[in-house]
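The values are calculated or read from the model by the stated rules, or taken from the named source; none is laboratory data. For clarity, every value in this text was computed on a predicted model and none was experimentally measured. Cβ sites come from the backbone with ideal geometry, for glycine too, and all protein chains shown count toward neighbours. Surface accessibility is based on the protein's heavy atoms, side chains included, excluding ligands, DNA and RNA. Shrake-Rupley method; radii C 1.70, N 1.55, O 1.52, S 1.80 Å.
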Amino acid sequence: MSRTTRLSSSLLRAAAVAGVAGLTLTACGSGSGSTSAGSDSGEVKVGLITKTDTNPFFVKMKEGAEKAAEAEGVKLMTAAGKFDGDNAGQVTAIENMVASGAKGILITPSDSKAIVPAIEKAKAKGVLVIALDTPTDPESAVDALFATDNLKAGELIGEYAKAAMGGKAAKIATLDLAPGVSVGVQRHNGFLKGFGIEEGDPSVVCSQDTGGDQAKGQTAMENCLQKEPDINVVYTINEPAALGAYTALKAKGREKDVLIVSVDGGCTGTEAVKDGKIAATSQQYPLKMAAEGVKAVVTYAKDGEKASGYTDTGVTLITDKAQDGITSKDTVYGLENCWG
């Protein structure tokens, strides 16, 4: 930001409440006017609420929102929970942003169902609400969704894994997210579809939840290797889980003969593809999600035109070991477009 925006007393009070809920609430903006996020200047205000402010994915999302707000000359208020799953904190953030005059709110829901009543209250007050990355349940609870097609992301790495196995019998471990979480379910189902199998197929010899965490990914892989030492394909919900799996495999001397595929396209994960630790990953684009969301709020503020439905923000298969018939890009492209 080119300058620091003075918070109004109303936003300071909101920030205090948010702090109690384990959130951070800040404001930034651009333009020549000396206005504050809680003032009645008429300047357009956009809210961004992420699951956390430490995950590199959401750091990049915030960066995209900040750049778009700067370019569009609008105010950006941001909030984030202390942990993934802080629904109460997200509810508080929505209430604070509505009270501070947000024209639109962009949110990555921590709990796709539990957040819906707060979203409905915001919409009833004329606030445009757009989900980023993670759909609400039901998806129609928000005005629009800007996100990766997570089913397609999983399908891409499933197709890749199938081709890379070259007809060899697969013994698959799936290192998943958590029960009932839409992103995890969609990626998992996409992988199965891409590999050409269905849930319950005997080629899937172990399934463990990881929460997308590297340490838990390592433990999950260790458990799977105890159950089935001959695993030769590992699907992971994200790259931290993939690196955890790699660590467990390396400890057993198996890192060279097990194919690991993943989703996200963060810079650390893409480097791991370059280094041969992960065979391929599906890269998504959080900066684009947030930037497009900010633009949609600006359009609504100026023209009254509401974004609606689902906007696919893209996904690309990244690998340095391309397979015939599978569209992909190498890690040079991946590192130019990664996040984190």
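For the Cα trace of segment 89-180, dividing Rg by the Kirkwood Rh returns an Rg/Rh value of 1.19.
For Rg/Rh (Cα atoms, Kirkwood Rh), the value computed from the atomic coordinates appears in the list [x] 0.97; [y] 0.95; [z] 1.02 under label [z]. Using C-alpha pairs under 8 Å with a sequence gap of at least 6, the mean separation divided by the residue count of segment 66-191 gives a relative contact order of 18 percent.
In this structure Y310 has an accessible area near 90 Å², from a 1.4 Å probe over the protein heavy atoms.
Okay, helix-only estimate at 222 nm for the chain: each DSSP H run of n ≥ 4 adds -39500 (n - 2.57), divide by all residues, round to 500 deg cm²/dmol; what do you get?
On the way: 11 runs with 140 residues, N = 340.
Calculated mean residue ellipticity at 222 nm is -13000 deg cm²/dmol.
Per the Debye calculation on segment 148-299 with a single equal scatterer at every Cα and no solvent contribution, log₁₀ I(q)/I(0) for q = 0.12, 0.13, 0.18 Å⁻¹ amounts to -0.45, -0.53, -0.98. Working from Cα pairs under 8 Å separated by at least six residues, relative contact order for the chain is 17 percent. Derived from the Cα gyration tensor, the three semi-axes of the equivalent ellipsoid of segment 74-231 are 38, 17, 12 Å, largest first. Cross-linked pairs K62/K288; K162/K216; K82/K216: Cα-Cα separations exceed 22 Å for K162/K216.
Relative contact order for segment 226-334: 23 percent, from Cα pairs under 8 Å spaced at least 6 residues apart, divided by residue count. Computed 3J(HN,Hα) for segment 205-214, one whole-Hz value per residue from the Karplus formula 6.51 cos²θ - 1.76 cosθ + 1.60 where θ = phi - 60°, is 9, 7, 9, 9, 8, 10, x, x, 9, 5, glycine and proline marked x.
Globularity index of segment 106-157 is 1.21 (Cα radius of gyration / 2.2 N^0.38 Å, N = number of residues). Would you please classify the overall shape of segment 39-117 from the alpha carbon gyration tensor, given that a ≥ b ≥ c denote the square roots of the eigenvalues, rounded means a/c under 1.5, and beyond that prolate means a/b larger than b/c while oblate covers the rest? It comes out oblate by the Cα gyration axes.
Which residues make up the longest stretch of the chain clear of GluC sites (Glu not before Pro) that lie in a DSSP loop with no more than 15 other Cβ atoms within 10 Å, not counting the sites?
Details: sites that count: E198, E199, E305.
In short, 1-197.
Each Lys or Arg adds one and each Asp or Glu subtracts one; over the other residues with Cβ under 15 Å from the Cβ of A280, this totals -2. With Cα atoms defining each centre, segment 118-185 and segment 247-298 are spaced 15 Å apart in the structure. For the chain, the solvent-accessible area with a 1.4 angstrom probe is 42 square angstrom per residue.
DSSP beta bridges confined to the chain are antiparallel in about 15 percent of cases.
Assign one of three labels to segment 75-124, namely rounded, prolate or oblate, based on the Cα gyration tensor with a ≥ b ≥ c the square roots of its eigenvalues; rounded applies when a/c is under 1.5, prolate when it is not and a/b is larger than b/c, and oblate otherwise. In terms of gyration-tensor shape, oblate.
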